[in-house]
Structure formats: C-alpha cells, structure tokens
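Undergrad: Below: one structure in structure tokens.
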Amino acid sequence: MGRSVNSIRPQTALPLAAADMVPNYARVLGIGQDSRAIEPCLPLGCAFSLADSLPGETDADLLVLLDEQTPEISDLAQAARRLGKPIVCARPEAEAAETLAEAMHAAGFRLQCSQPVAPAARLSKWVPAPAASADTEGPGKRVLVMSYCNMANFGDRLGYHVLNGVLPADAVVTYGTIRPWHVPDQDYDLLILGIGNSLIAGDACLPELADLLDRVPKAIGIFGTQYREQFAHPTAAAALDRILGKLTTWWARYEDDLLAFGRGRGNVRHLGDWLISAFPMATPTSDKGLTIPPDIIRQENPLDRTIQQIQSYRAVSSARLHTLLCALTSADHVAYQEQKIDDGGDLVSGKFRSLLLDIFGRTFPEDELFAVDRAAVVRYKRRVDANIADLRTELDALLGSAPIDR
C-alpha cells in the first residue's frame, strides 16, 4: 500500500497533508477513528495500526492524531513526554499557535513543521528535542571571515572548506578578502582573521583591518606568519601587536609563530597546520617521482583530484607548502624548494622550516629527498585534531551563550 510522492492532490486535505509529514517505511499509530483516514495516503512501506486512545507505550515510529478536539492538550503533552515519539496532530488554529506550543515545549518537544488546513485548523509535527535546544534556536550569529580565499592558491582554497567544517551549524558566514580589500557592509558578531594560512606583514598594516577589528565586537585569528624579518619593521611590529591584542585567541600555525610574536600573551594557542586534517594517511601506488612547481598556484584543478594525484606518488618534490604537507601523509620520500619573496630578493618564507620542526622536530636540507617518518606525521595529525576540537569549542562559546573559561 502507498501512494506516489508525485501524485497530484489537494494540499488542504487533512489526511494527505498529514501523510506528507510521515517518513517512508514508518510504523504509524493512529489515535482515534478520525486518524484512520491517513492509512490510504501513507507513503512507501509504511505500516498502520489504530488505537482508541493514547497508549502507555508503543513500538510505533510516529503517532498521528487527526481529531481536532481530542485528546486534551494536557493529555497529549503527557503522552508525548512518556512515549518520546514524533507526533503529527491537528488542532484548532488558535490553540495550535499558543496553548499546544507551550505544552509541547514543556514536554521537551520542538515544532518541526506546520501548515494550516481547512476549515480552521493547523496541522503540526512535533519531535523530541533537548529542553535547552528551544532556547538556542533562532537566527544564527553573523561571522565575517577575512582571508585570501579569492586567490587560486591550493592552501587558501582548502582552508575555506576546513573552516566551514568547524563553524557552528547556525553560523551565518560572510567571506571578505584582504587583497583586494573587500568587506560587505553589514554588522557582524565575530571576525575570523585567516583560514590557516599566512598573514602578510604589509596586509597587517592596513588601516582598514585596524578599523574592522575596532568595529566587530569579537575576533579570533587562525593564521601563521612568513617572511618574519618584515615584521621587525616598527610599523609592521606595532600593527601585529595591535592585531594580537584585539583577538580573543590567536590560533597560531607554528611554534615559531609563538616564539617570535606570542611571548607574554595569554591569548595564544599553537594550532598547528590544520589543513593536514584534509589529507588522510594514504599509500602511494606510483614509483615515479612527482615534481610540483610553483605555478600550481594558478591551476584550478578540483581539490579532491589534486590531493589524490599527490598521494599516489612515492617520491614528491614540492615548491608549495601545502602540497608538501599533503605529500607527507603518503609519500616515502619528499623534498621542498623554499619560497622566496616576490620582489626578487633573497628573503625566504621560513614556513617550510617551521612546518618540518613542528612535525619532525628538525628541519632538512632544501631540494634533497628525505625519508618521511609516518609515525611522526600521525602524531602531528592527532595533536592538530585535538587542537581543532578546542577551536570548535571556542567558536561555539563565542557564538552562543556558553562562557569562555580562561
């Protein structure tokens, strides 16, 4: 028995409307003779049984009550609390809007959906929920993320997805860009500066960034540093100091970041390079070597395909940091080529050395293949995962009502 979900039907017919709230294959218990009308309307695989009154217990998956007058709301709420099963019920319109809602919330249920039905009734579906959830539902807090996610860089594109995976479900997210500077004009509850990549010294000095940190009431940072010598300039040093002073927490990428700029600060945590969470440990299949050139930054290959390709090689040489990080989760041997400043000078990023020290406790010569200690990579992944869990807890606290314990 069942009806096609594509069949044409009057939307105001009570049994049909009620059946739209029933999942496939559900065991449905109808309460009262009026509820029998739903039986021919039920979707695929449903089983129907009928009871004259609310039972003391039931193995049904869902209860249906289509008599608008019975049972009394107090009895319905008591049964809801006792049985803990979803309930689809029809009540007079005014009653559904006020008295029923109050009683069902008190019973630990929340309204999942509702609709008016003729002649003057409302059909509603109530599902069990933690009592506290009713207090936390509503419009989500507005989050502004400032980063370089508009660039083709593999790491920046990946960071966009990793951050989205840790934000609270109700966060309303807007992405702005640092270069060029672009911030949609609206109010925000939280600013997240960075998505796990580097904050450039010149950009730290932007007056627009200082103004934004003054305007948004709460802020955290998820970024590392590179070309650290540039932060020795008094203007850049003062700008970074001001930024860090405005953040609830700076989730720094490397231990080197903490040692260089985090001393004496109580709001600094060593996150690690959280983009490693996007790379599973894998076994390579190709004995050929792979060389990843600097211009991968301009390639628009799908991220999943790029990751799978890198992880298929036993030996990988990379001129980009996060493609090297990806290779560390799979390759037997890797090598790196340091990134130099764009103006043609000799200043190097320093981020490769910082990454290798974080993972292996030592660095390795540039442009020479070295054996990957997989156990060290796994230990690093575990540390980063634990730190990400702490970051997620902080985001929940910043965007909710839970206090942050300092």
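Undergrad: Those residues that are buried (at least 19 other Cβ atoms within 10 Å of the Cβ) and farther than 16 Å from Asp257 by Cα, I need them from the stretch 215-239; list them, please.
TA: Val216, Ala219
Undergrad: Would you confirm, using the coordinates I've provided, whether Thr248 is hydroxyl-bearing (Ser, Thr, Tyr) and in a loop (DSSP other than H, G, I, E, B)?
TA: Yes: the conditions hold for Thr248.
Undergrad: Let me ask something else. Can you name every residue in the stretch 327-362 that is outside any helix (DSSP H, G or I) and within 15 Å of Arg228 (Cα to Cα)?
TA: Glu338, Gln339, Lys340, Ile341, Asp342, Gly345, Asp346, Leu347, Val348, Ser349, Gly350, listed by residue number.
Undergrad: Sticking with this structure for a sec: Could you tell me which residue of the stretch 272-321 is farthest from Trp251 (Cα to Cα), considering only residues that are surrounded by fewer than 17 Cβ atoms within 10 Å (Cβ to Cβ) and aliphatic (A, V, I, L, M)?
TA: In this case the residue turns out to be Ala282.
Undergrad: Checking the conditions here, which among Gly176, Gly84 is closer than 26 Å to Ile388 by Cβ and either at pLDDT 85 or above or not assigned by TED's automatic domain parsing to the domain that holds Ile200 (or both)?
TA: Criteria check complete, one pass: Gly176.
Undergrad: Being over 31 Å from the mean Cα position of the chain (by Cα) and under 18 Å from Gly84 (Cβ atoms) is the filter here, so list the residues in the stretch 101-111 that pass it.
TA: Ala103
Undergrad: Can you find, within the stretch 325-356, the residue that is nearest to Gly272 (Cα to Cα) among those that are in contact with an Asp or Glu (Cβ under 7 Å, 6 or more places away or on another chain) and among the hydrophobic types (A, V, I, L, M, F, W, C)?
TA: Leu355
Undergrad: A further question follows. Does the stretch 372-382 contain any residue that is farther than 15 Å from Tyr336 by Cα and not in a helix (DSSP H, G or I)?
TA: yes
Undergrad: Further question: When the stretch 102-115 is examined, which residues are found to be in a strand (DSSP E or B) and free of Cβ contacts under 8 Å to residues at least 24 places away in the same chain?
TA: Leu111, Ser114 - these are the residues of the stretch 102-115 that are in a strand (DSSP E or B) and free of Cβ contacts under 8 Å to residues at least 24 places away in the same chain.
Undergrad: Yes or no: Leu14 among the aliphatic types (A, V, I, L, M) and buried (at least 18 other Cβ atoms within 10 Å of the Cβ)?
TA: The answer is yes for Leu14.
Undergrad: Additional query: Could you tell me whether Leu42 is surrounded by 17 or more Cβ atoms within 10 Å (Cβ to Cβ) and either within 17 Å of Leu14 (Cα to Cα) or of a type in the set (S, T, N, Q) (or both)?
TA: Criteria met by Leu42.
Undergrad: Of all residues being in a loop (DSSP other than H, G, I, E, B) and modelled with pLDDT of 85 or more in the stretch 134-148, which is surrounded by the most Cβ atoms within 10 Å (Cβ to Cβ)? Just the residue, please.
TA: Here the answer is Tyr148.
Undergrad: Among the listed residues Leu29, Leu54, Leu42, which satisfies the condition of being in contact with an Asp or Glu (Cβ under 8 Å, 6 or more places away or on another chain) and modelled with pLDDT of 85 or more?
TA: Unique residue meeting the criteria: Leu54.
Undergrad: Could you list, in sequence order, the residues of the stretch 367-397 that are aliphatic (A, V, I, L, M), touching a Pro at 6+ places or on another chain (Cβ under 9 Å) and in contact (Cβ under 8 Å) with a residue 12 or more places away in the chain?
TA: Leu395
Undergrad: Can I ask one more? Of the conditions (1) at pLDDT 90 or above; (2) part of a loop (DSSP other than H, G, I, E, B), Met151 fails just one. Which one is it?
TA: The one condition Met151 does not meet is (1).
Undergrad: So, one more: Can you tell me which residue within the stretch 309-329, out of those that are more than 23 Å from Asp358 (Cα to Cα) and at pLDDT 95 or above, is farthest from the chain's Cα centre (by Cα)?
TA: Among them, the one singled out is Tyr313.
Undergrad: If you don't mind, another one. Quick one: would you say Ala239 is within 22 Å of the chain's Cα centre (by Cα) and without any contact (Cβ under 8 Å) to a residue 60 or more places away in the chain?
TA: It is false that Ala239 is within 22 Å of the chain's Cα centre (by Cα) and without any contact (Cβ under 8 Å) to a residue 60 or more places away in the chain.
The values are calculated or read from the model by the stated rules, or taken from the named source; none is laboratory data. Note that the structure is a prediction, hence the values are computed from the model and not measured. Counting neighbours? That spans all protein chains shown, and the Cβs are built from the backbone with ideal geometry, glycine included.
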